[in-house]
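Enquirer: Structure incoming, see below.
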Amino acid sequence: MSLRTDLGRVRGLGAGRSGPHHWWQQRLTAIALVLLGLWLLASLAGGAAATHDSMVGWVRQPVVAVRLVLGVVTLFHHARLGLQVVIEDYVHSAGNKVAATIALTFFTLGGT
């Protein structure tokens, strides 16, 4: 027999533990994608891609390359977060849900 209240016994259990983390991850990746997208558009509009040689030279700069890689990784992570919610909400069979989640994971890891 426990001396804890009903609320004390159920606190911290259930699906409510991972929801806010997932929501925050999706919002933070969206903000990062907006910032990286604006940087990319401004850079390209500023003449970074005037010719093929200038584009190759621009991408070879370490700061630019790191930002581009971060953009691609963030894009695939953001897509995975969003599609995971779609799978969880609309795929009702447990086996299909697991298969779709595994396929999504392989696709997003393969894309990066």
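The values are calculated or read from the model by the stated rules, or taken from the named source; none is laboratory data. This structure is a prediction, so every number in the text was calculated from the model and none was measured. Cβ coordinates were reconstructed from backbone atoms using ideal geometry, including for glycine residues, and neighbour counts include every protein chain displayed. What goes into the accessible areas is simple: the full protein's heavy atoms, side chains included, and nothing from ligands, DNA or RNA. Shrake-Rupley method; radii C 1.70, N 1.55, O 1.52, S 1.80 Å.
Enquirer: Once ligands and nucleic acids are excluded and a 1.4 Å probe is used, how much of ASP89 is accessible, expressed in Å² to the nearest 10?
Expert: Counting only protein heavy atoms, ASP89 exposes about 90 Å² to solvent.
Enquirer: Taking 0.36 nm per residue of separation and subtracting the Cα-Cα distance, what length does fully extending TRP23 through LEU38 add?
Expert: 3.1 nm
Enquirer: Still on this structure, I have one more. Simple spin-label model, 7 Å along Cα-to-Cβ: LEU83 to VAL59 in nm?
Expert: Calculated label separation equals 2.3 nm.
Enquirer: What is the list of residues in region 57-91 whose amide nitrogen lies under 20 Å from a point 7 angstrom out from the Cα of ALA49, following Cα to Cβ?
Expert: 57-76
Enquirer: Heavy atoms only, probe 1.4 angstrom, no DNA, RNA or ligands counted: give me VAL85, VAL69 ranked by accessible area, highest first.
Expert: Ranked list, largest accessible area first: VAL69, VAL85.
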